[in-house]
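Read-outs: derived from the displayed coordinates by stated rules, not from any lab. Please read all numbers here as calculations on a predicted model, not as lab measurements. All Cβ positions, glycine included, derive from the backbone under ideal geometry; neighbour counts span all protein chains shown.
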Amino acid sequence: MRSSLLPLIRNLQRGVTPMLSNNKMRGFSLVEIMVALALSTVLVFGVASVYVSIKSVVLTSKNIENAQEVIRFSALTFTRSLKQTSIKPTVAANTLTVVQRLNTVACNGALQGADYTEVYSLSGVNLQCNIGAGAQTILTGVRAISFAIDRNLVSITITPKAQPGEPDGVGPTAPLTIDVALSLIILQKASGS
């Protein structure tokens, strides 16, 4: 055993370290690390661009959803109110005043037991209706509204409010005009009542 240790001791004295078979070099080379870094950078940029695209689509979708809701609700509310009135509405300073008879549905959705007057106006981004008990917000998300009357046709031009980060007045937030015929007044004139 002593004879086998002797060459090892001589080598250690000369500063030579022995290479043992189980002491192989392990790890990644610099080239492998650089390739992995480049691939991970491309992957991170790809994920980031997909995120930005999805965020943009979600924002546009919310904008369209808001605009559709504003238009749908406005069309339903004004159509119901204007078609059931028997007196021509009046417009003053972006306010629409509609006189209604008893037993008709008011802008707040309740059936009224007496004659009443609906006054529609815009306060900030809120469409409000007042039937004598103070203005009530019936719709939010309206940037602008205007009314016009031409004989027996009422035109309501409504502009939905854009979501944050989206341009106002473009695409789904462009002004839209709803024309409503005063059906009851037209029928009364036609029948001579």
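Couple of notes before you dig in:
- Environment charge at V125 (Cβ cut-off 11 Å; Lys +1, Arg +1, Asp -1, Glu -1): +2
- Reach of K189 by Cα under 22 Å, taken over lysines that are not fewer than 8 positions away in the same chain: K83, K88
- Other residues lying with their Cβ under 11 Å from the Cβ of C107 contribute a combined charge of 0, Lys and Arg counting +1, Asp and Glu -1.
- Sequence-distant aspartates and glutamates (8 or more away, or on other chains) whose Cα lies within less than 16 Å of K62: E166, D168
- Here the 3J(HN,Hα) profile of the stretch 135-145, calculated from phi with Karplus coefficients 6.51, -1.76 and 1.60 at θ = phi - 60°, is 5, 10, 6, 10, 7, 10, x, 10, 7, 8, 8 Hz, Gly and Pro shown as x.
- For T104, the residues whose amide H sits under 5 Å from its own are Q112, ignoring neighbours fewer than 5 places away on the same chain, with H placed 1.01 Å from N.
- Relative contact order of the chain, taken over Cα pairs closer than 8 Å and 6 or more residues apart, is 17 percent.
- Total formal charge among the other residues, if their Cβ is under 14 angstrom from that of P89, Lys/Arg +1 and Asp/Glu -1: +2
- Over the chain - Rg/Rh using Cα atoms and the Kirkwood inverse-distance radius: 1.68
- Ranking of T173, T157, T104 by count of other Cβ atoms within 10 Å, fewest first: T157, T104, T173
- Since only S123, V99, S81 are under comparison, the one whose Cα sits farthest along the positive direction of the charge dipole of the chain, derived from C-beta charges on Lys, Arg, Asp and Glu, is S123.
- Cα centroid of the stretch 129-180 to Cα centroid of the stretch 46-74, whole Å: 20
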